[in-house]
Each structure stands twice: as structure tokens, then as C-alpha cells.
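Just below is one structure, and these are the notes that go with it.
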Amino acid sequence: MAMASTEKLVLGSVAFAIFWVLAVFPAVPFMPIGRTAGSLLGAMLMVVFQVITPDQAYDAIDLPILGLLFATMVVSVYLERADMFKYLGTLLSWRSRGPRDLLCRICLISAVSSALFTNDTSCVVLTEFVLKIARQQNLPPHPFLLALASSANIGSSATPIGNPQNLVIAVQSKISFGGFLIGILPAMLVGVLVNALILLCMFWKLLSDRKDEEDAAAEVVGDEDVVSHQFSPATMSHVNSQEINGALELTSIHSSPSINGCENHAEPTLRNRGNSTDSFGFERAMGGDEIEKDVSVGFESARNSIASKESLGSKMASPTNGIAHLDKVELDKENLRFSKKWSNVAWKTCVYLVTGGMLVGLLMGLNMSWTALTAALALMVLDFKDARPCLEKVSYSLLIFFCGMFITVDGFNETGIPSTLWDLMEPYAKIDRVTGTILLAVVIIVLSNLASNVPTVLLLGARVAASAAAISPASEKKAWLILAWVSTVAGNLSLLGSAANLIVCEQARRAKHYSYNLSFWSHLKFGVPSTIVVTAVGLALVRG
């Protein structure tokens, strides 16, 4: 593609530079508007500067990617409500055999959950689990937080739904879910293993200087501790506690003697008896025989009625009937708990079955966006509740960020700068040569850390694929998978390399009782060797 006019080139570069600065450094002093607003600002400038037309801007927005991203977030919300991540957190501490065993578990669970539920979601939910377990076992949180973030990035590379850049690659390349998984899964598994070994080597002494492994293994996080770190709304547990307290108050009222006839029935009886006596005495003082007769008959009737009520109250107040009534109340409560328990189990089973069906559909090669959207809507229907609370958990700011980024990157491509730079590099970055593959990987790593991985994929994807297609169709598929692998693992290089790293850092810093500050340099010391080694190992295992 030829270079655009000087005016369009300069204005397009300015718009992209503004987008890049706000995307990489969202809190810059001169314009602290954040990533999402910065993305929209870059898109608007591309249209205002007439780098692209409004129609081109709308066409640049990739709806299948947005639909797939939205659907995976909705499914993740329902999985979290179904306690999936609570169970994953429980696995971290179940029969733990010491710090090294815990670190390996974190690497494995983080990688698998990220491949199925996206790396950002896994990091949001699992960070506090990791902090809590590390603090309770008197272990330094630093290596475990690094294990969580780095393994989440590596694990997310295996599937198209693992991270946003993979979504872009899967849609643009039209590689099936199964083809994507088969091509990268070996590299992912070995990469997670190598990453865990690097962590063990770097922190071996630090993990060995803690308490004996027997003591560490004995400290297992209880279920109540795990539940307290659920990422679900607090209103759910609050409503349940109100219902339980109301039920207990109702039970105490029903089981009290005053309702069973010992006190409340006797009190009005005595009051009525006193009132009747006073009335009878008053009429006798008046000296009327007929009145006295009528009153005596009425008094006798009232006395018989009172006696029958007292007899009924005494029967209800008898120990046998009281115990039977209490037993009936307890039985009703037990039946209610049993019914709620099994309805909850049935709902969770439906959530897991729908999610499993979605994965099966993806593996069968069905359209990824519509398959995920169908699963999300099925979960909303099966929940049989207003879906608004779950939909409010979806990160709409991320969807808007993607819209602005699509437009901004498309406008920058119109300047001709990316094509010109690739034309200079293409002869040396052929993936049919080892040196070419290494050079391509270096370029992807550098750009992913400078411009973020999703813009890098948008800028390089079509060009890398076209260059590889000239070699063979298999090479084209391999080029897309190499781009997915390297751009994802490149996020481990620095703390700013991926959103998952930033999420772990912020979640750890803001934790109420177990806060920890993961610094940029402490991450970089581990990130550089891990990224280089894991990327190199994975490149040898990626298959087209």
C-alpha cells in the first residue's frame, strides 16, 4: 500500500499517537480521561481529520468480535454465580503439600481457567484466593501472584476465547476452535510447565525458608473462607440472611406458649369474666327479676364458652401437642432447605451443561459468536429472573474501547505507515526460516509491549498472513497461530504488558485484609527471562 498524502499521514499519526498514549498510560496528567475515552477520542479524530470517512469508521467495527466478547463475559458471570471459581479456589488449598505444591497448582488452575473463561476473569476472581491462602500459610505472596498472572496469560493462548487478541485472530483468520486448540495446546502445556520451573528456580530459597511442609499442609482454607471471596453481589447473601432471620422469628412465635393458648387465651378470658361479673352485679342492684334471669342465662352460656376455650387452650398447651407442633415446624424448615438446596444444584448443573454445550459447539466448528451468544441467552432464560444484575457486570467500557480501537487502527492503516514498515521487514521475517521466525517474534514482542497486543494483532495480522500465504496454506495458518502465541506470551514481559498483569496488581493492592504491592521492577526481573524462554519453547511446538 502506498503512503497517503502528507496531510493525511501527519493527522492520522497524531490521532493514533493520542490513542496510543491514552491506551498505554490511561492516567496521563494533561488528559486523565482513561483508556475507553482515549479510544473514542482517537476514533473521532480519525473522522474529523478526514483520514477515513464516517462510513469507513462504522465498517471498521467488527461486530462478530464484539458479540463473542460480550457473550463470553456473560457466560463467565453466570459461571461465577454457579460457584465455579469458588471450586477452583478450593482446589488451590485442598490437601496442599507445601509452598511449591501450591505454586504449581496456581500455575495449572490459572492456565486452565483462563483458556476456558478468559484470563482477565480468572485473574479478577482468583487473586484474593491466592492472597488469602498465602497469608494464612505464612508465605510471601510475590511468587504466587506472578504465577497467577503469567500462567493466566500463557493458558489463555490455547483457545480463541482465552483473550481478546485471540478473538480477533480467530475471526479474521477463520480458524476453527478445534484447529486453534490443536495448534497451540502443546505449546501452552509445555509453556506453563517451563514457566512454573522458572518460578521455582527463582524463588526456591524464599519458599523453603518458611514453615515446615507438614504445618503448611495442615492449614487448609475452609469453605466459609472461600465463599467470603466470591465476586458475586453482596445483596444476594444479605437477602438470604433476612429470609432466614424472618423464618426463625416466625418459628419462635409459633412455638411460644402465648400463641399455643397458655397466656393469650387466659388473659382475655379473665378480662371477659370480670366484665361479665360487673354487668351482672349492676343489673341485680337494679332489682329486675326478668333481667336477672336473662343475665344468669347469659352468664351461664358465657361460662360454658370460656370453659371450652380453656379446655382447648390446655390441650394445645400440653407437652405432647407442643412437641408435635415444633416437630412440624422443624420438618417444614427442613423441607424448605432441602427444596432450595436441590433447586440450586439443578440450576448449577444447567449452567455447567450449557457451558459445556457451548464448548462442544465451538469444537464442532459452529459460528463462534452466535454459539456463545446462544449459550449466554440460554443461561438468562434458565435463570428465570431479571437478567439486569448479571448484564450490569459486563464490562461495556471494554466493548466501547474495542469499537474506538477498531476505527483508530483502521485509520492508521490508511496512512500507509504500517504497510511501508512491513514491506521493509517482510523479506527477513519469513516463517519458513528459523531466523525469520525469530525476527517476527521479536517484532511482535516489542510492539505488544509498546502498543499493546490487540492493536499489534490488528496492525500485523493481515500482513503476516498474506506473507505466509505466499509460501503455503499451512504456513498461513501457522503464521496466525504464531501471532496468537507470541502476542499473548509477550504480555508477561512487564507489568504493563497485559491487562491480566494490571488486574492482579490492582486486586492485590486493594485487598482489604491481605493487600500486597507488586512492583514494576519485581515483575520485570521475572518477566524478561520467562517471556524469552517460554516464547522460544512454544515457537518450536506451534503447528499449522
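The values are calculated or read from the model by the stated rules, or taken from the named source; none is laboratory data. What you are looking at is a predicted structure, and each value in this text was computed from that prediction instead of being measured. Glycine also receives a Cβ, built like all others from the backbone with ideal geometry; neighbour counts cover every protein chain displayed. Areas reflect the complete protein model, heavy atoms only, side chains present, ligands, DNA and RNA absent. Shrake-Rupley method; radii C 1.70, N 1.55, O 1.52, S 1.80 Å.
Summary of computed values
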item	result
Estimated inter-spin distance, Lys340 and Ile61, nm [label 7 Å along Cα→Cβ]	4.3 nm
Added length on full extension, which subtracts the Cα-Cα distance from 0.36 nm per residue, Ala17 to Cys350	115.2 nm
Span from the region 482-524 Cα centroid across to the region 446-476 one, whole angstrom	24 Å
Rg/Rg_ref, region 1-117, where Rg_ref = 2.2 N^0.38 Å and atoms are Cα	1.63
Region 81-184 - charge dipole about Cα centre, Lys and Arg +1 at Cβ, Asp and Glu -1, debye rounded to 20	260 debye
Extension reserve of the Met364-Gln136 stretch, reckoned as 0.36 nm per residue once the Cα distance is removed	77.7 nm
Solvent-accessible area per residue for region 372-481 (1.4 angstrom probe, square angstrom)	44 Å²
Percent accessible area from carbon and sulfur atoms, region 63-148, protein chains only, probe 1.4 Å	64 percent
Solvent-accessible surface (1.4 angstrom probe) belonging to Tyr87, in square angstrom, nearest 10	90 Å²
Global form of region 351-399, assessed from the alpha-carbon gyration tensor, a/c cut-off 1.5	oblate
Solvent exposure of region 1-118 as accessible area per residue, Å², 1.4 Å probe	45 Å²
Theoretical gain in end-to-end length, Lys385 to Gln50 [0.36 nm per residue, Cα-Cα removed]	115.9 nm
Burial order of peptide ranges 508-517, 178-187 (average beta-carbon count within 10 Å, highest first)	178-187, 508-517
Cβ charges +1 (Lys, Arg) and -1 (Asp, Glu), total dipole of region 458-544, debye	140 debye
Debye log10 I(q)/I(0) at q = 0.13, 0.15, 0.20 Å⁻¹ for region 432-544, Cα point scatterers	-0.53, -0.66, -1.00
Met202-Asp101 FRET efficiency (beta carbon distance; Förster radius 25 Å; 0.05 resolution)	0.90
Tail weight of P(r) past 29 Å, computed on alpha-carbon pairs of region 50-202, percent	26 percent
Segments 99-105, 481-487, 535-541 sorted - mean Cβ within 10 Å per residue, highest first	481-487, 99-105, 535-541
Accessible area of region 408-544 belonging to carbon and sulfur atoms, whole % at 1.4 Å probe	66 percent
Across Lys86/Lys348; Lys348/Lys385; Lys333/Lys393; Lys174/Lys348; Lys341/Lys512; Lys132/Lys385, pairs whose alpha-carbon gap is larger than 24 Å	Lys333/Lys393; Lys174/Lys348; Lys341/Lys512; Lys132/Lys385
